[in-house]
1. Mind listing whichever residues of region 46-60 are over 20 Å from residue 15 (Cβ atoms) and either crowded, with 16+ Cβ neighbours inside 10 Å or touching a residue at least 24 places away in the same chain (Cβ under 8 Å) (or both)?
2. Can you tell me which residues in region 50-78 are more than 18 Å from residue 36 (Cβ to Cβ) and either among the aromatic types (Phe, Trp, Tyr) or touching a Lys or Arg at 6+ places or on another chain (Cβ under 6 Å) (or both)?
3. Can you work out which of the residues in region 66-97 that are buried (at least 18 other Cβ atoms within 10 Å of the Cβ) and out of contact with any helix residue (DSSP H, G or I) (no Cβ under 8 Å at 6 or more places or on another chain) is farthest from residue 23 (Cα to Cα)?
4. What are the residue pairs meeting all of these: first residue in region 1-24, first residue of a type outside the set (S, T, N, Q), second residue outside any loop (DSSP other than H, G, I, E, B) and at pLDDT below 95, Cβ atoms under 6 Å, and 6 or more apart or on different chains?
5. Out of region 107-135, which residues are among the charged types (D, E, K, R) and over 15 Å from residue 169 (Cβ atoms)?
6. Consider residue 105 carefully, then state whether it is among the basic types (Lys, Arg) and either surrounded by 22 or more Cβ atoms within 10 Å (Cβ to Cβ) or at pLDDT below 95 (or both).
7. Quickly run through region 97-153 and pick out the residues that are more than 25 Å from residue 236 (Cα to Cα), assigned to a helix (DSSP H, G or I) and of a type in the set (S, T, N, Q).
8. How many residues does region 189-244 contain that are touching a residue at least 24 places away in the same chain (Cβ under 8 Å) and in a loop (DSSP other than H, G, I, E, B)?
Amino acid sequence: MTTPSLPFPVYDADNHFYEPEDALFRHLPKKWHKDFRFVEVDGRKRLAIKGQISDYIPNPTFERVAAPGTHVKYYKAENPEGLTMREMTGKPIAPPESWRTGKERLAVLDGHNVHAALMFPTLFSVIEKWMSYDHEFLHDALHALNQWTSEEWGFARENRLFGVPVVSLADMDRALAETDWLIKQGARTICIRPSPVPGYRGGRSMGLKDFDPFWARIEEAKIFVSIHASNSDYDYLIEMWTGGAEWLPFESDPFVNCLRIIERAISDTIAAIICGGVFDRFPGVRVVSVENGAKWVIPLIEQLKHVYGQMPQKFMNDPVDQFHRNIFVTPFVEDDFGQLREHMQVNRVLFGSDYPHPEGTEHPLDFLHELTSYSMAEKEMVMSSNLKGLLEGVRN
């Protein structure tokens, strides 16, 4: 395939790496090694956290993975044969070094005609949920992962590879110390989970004033928050309806898909931030929704409009205006881009390929096929200047 050439540098808001086993163990304090382990079950490696085995990621060591783009037709609802995800995957492949560590990734970006990309870890999606009952363990594990990411990927390598660190707000003292360290290390964005902040007495909204010191640091440093799809605890909805089993995102179930837990989690999280007044107190904060799609955007805008009409006295500013100013979205390739443009400003939409995950396109710039109705100026915003501006601290 010939990679298209564009008259602007491409910025990709959603690239990934597959962590090797060393990613956590290199810096994880030894006292936790027995609590975070890869164990063999029926001939296959599984992730065990404090003795509990998670199947959320079916191959947590990523020795074999699905090839990029193999699940796109499933997510586009182009599956008349009724193939399962495993059947669509075909023969798994061994990930090349450029998917594991940052040494060869710049050459891959060059081959894709992508100038720069945010680089998200993959295994992080299970860490907070499975460690939320032990905050010391949780924060030590995330710091270990962030140290490894800094060493192997860098937080702004050659101003092209932007490794994304992960922070939990479960323990605010640890969260602030981690955020301060990351800012000193040059991080341009910090990832948090689309979920209530876990606590020993239950979850809490990150929009509460208790978390203002975190948002204050984000605003002062002119970095942004990325809220990436994760195991968000919303699988409790599945557990309520299906008998308590762990949600397995790569297993097909029509009812589970109708529960739309990814969309619910991000919609509720953004609503919590807006309704909690974060953007009133910190108008310079910018939040990017990553790998949550865009199907939730219009219903949330309509709900915010309705709630504002019901109780305007509860808001300092119009919540819909704040959504349009402070929130950025990375749509899925299966989303309706024309409809999205009718309800959301193009300067708040970002290109995210999800490369090299199977849900994303085989080649990152295949994403352009979804933008055929967009003008070249609009394509430039989505594919380039919107993310470039965020990384440079622009707050328009």
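The values are calculated or read from the model by the stated rules, or taken from the named source; none is laboratory data. Nothing here was measured: the structure is a model prediction, and the numbers come from that model. Using ideal geometry, Cβ is built from the backbone for each residue, glycine included, and neighbour counts are taken over all protein chains shown.
1. Taking region 46-60 and keeping what is over 20 Å from residue 15 (Cβ atoms), we get 46-56, 58.
Once the filter is applied, which keeps residues that are over 20 Å from residue 15 (Cβ atoms) and either crowded, with 16+ Cβ neighbours inside 10 Å or touching a residue at least 24 places away in the same chain (Cβ under 8 Å) (or both), region 46-60 yields 46, 47, 48, 49, 50, 52, 54, 55, 56, 58.
2. Residues satisfying the conditions are 74, 75.
3. Per the stated criteria, the residue is 72.
4. Final answer for the pair search is 19/123.
5. Scanning region 107-135 gives 110, 134.
6. yes
7. 98, 146, 147, 149, 150, listed by residue number.
8. Matching residues across region 189-244 total 20.
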